[in-house]
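Structure first, commentary second.
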Amino acid sequence: MSIKSDKWIRRMAEQHGMIEPFEPGQVRQNGNGERLISYGTSSYGYDVRCASEFKIFTNVHSATVDPKTFDENSFVDVEGDSCIIPPNSFALARTVEYFRIPRSVLTICLGKSTYARCGIIVNVTPLEPEWEGHVTLEFSNTTNLPAKIYAHEGVAQMLFFESDEVCDVSYADRGGKYQGQRGVTLPRA
């Protein structure tokens, strides 16, 4: 198994639609010259952006957090250029980018240091071979202060690992429950 370089990422995105929309370089400022948290292709990964739709966790209804029967009322929907996450809480969002993972590839996501250094942790499970969709992002605010997340800017980096052999059973073969997801996707039992 080997980690894939910027050349491989560009080729897979441009020829096979692995990442859409795709940014072949590293974007660090917008059209007005304002600094952004970078996104796009890096040396050995791809920095994804957060879309402008957020689901902020709230426990107004004193619900139990249960992954088998998750209560959608535990979230407040917010749309905008940023999202404020309450102290010691979390929010869900999605990537701007839509992914189509090749059958021989496993993709791991790690949070960007800009957020990690502020106590904001980005959590994403691995993208398995032949999974496709928008990636649902979970932002945990580990601080006792409100935390801000920016839409349309970099939030996490995807690393692509290609195996020497193709897997016997892919995510698509299993009919995975999150296959083809669009938008922010809540837990499914």
Using a Gaussian network for the chain with springs between C-alpha atoms less than 10 Å apart, which of these wobbles most: 177, 112, 148?
177
Here the residues of region 73-111 lying in the modelled label zone of residue 118, meaning backbone nitrogen under 19 Å from a point 7 Å along Cα-to-Cβ, are 78-96, 110-111
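Output the relative contact order of the chain, whole-number percent, from Cα pairs under 8 angstrom with separation of 6+ residues.
Working: 450 pairs, mean separation 52.0, N = 189.
Relative contact order here is 28 percent.
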For the chain: rounded, prolate or oblate by the Cα gyration tensor [a/c cutoff 1.5]:
oblate
Could you compute the net charge surrounding residue 73? Neighbours are other residues with a C-beta less than 15 Å from the C-beta of residue 73; K and R count +1, D and E count -1.
-3
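In terms of the Cα gyration tensor, with a ≥ b ≥ c the square roots of its eigenvalues, is region 56-114 rounded because a/c is under 1.5, prolate because a/b exceeds b/c, or oblate?
Working: a/c = 2.26, a/b = 1.58, b/c = 1.43.
Because a/c hits 1.5 or more and a/b exceeds b/c, region 56-114 counts as prolate.
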How far is the Cα center of region 118-189 from the Cα center of region 33-74, in Å?
10
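Under a Cβ-only charge scheme (Lys and Arg +1, Asp and Glu -1), can you give me the dipole magnitude of the chain about the Cα centre, in debye to the nearest 20?
Result for the chain is approximately 320 debye, rounded to the nearest 20.
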Work from the charge dipole of region 1-140 (Cβ charges, +1 for Lys and Arg, -1 for Asp and Glu, about the Cα centre) and give the residue of 133, 78, 113 farthest towards its positive end.
113
Taking only pairs that are 8 or more places apart or on different chains, how many Lys pairs in the chain have Cα atoms under 21 angstrom apart?
7
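If I stretch the segment between residue 81 and residue 162 completely, what's the gain in nm (0.36 nm per residue apart, minus their alpha carbon distance), one decimal? Could you put the intermediate results ahead of the total?
Working: separation 81, 0.36 × 81 = 29.16 nm, distance 3.46 nm.
So the chain would gain 25.7 nm between residue 81 and residue 162.
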Residues in region 142-185 near a label at residue 32, defined as backbone nitrogen under 15 Å from the 7 Å Cα→Cβ point?
151-153
How would region 1-53 be classified by its alpha-carbon gyration tensor: rounded, prolate or oblate, with rounded meaning a/c under 1.5 and the a/b versus b/c comparison settling the rest?
prolate
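Rule-based calculations on the coordinates, nothing more; no lab input. The structure displayed is predicted, hence computed values, not measured ones. Cβ atoms come from the backbone with ideal geometry, glycine included; neighbour counts cover every protein chain shown.
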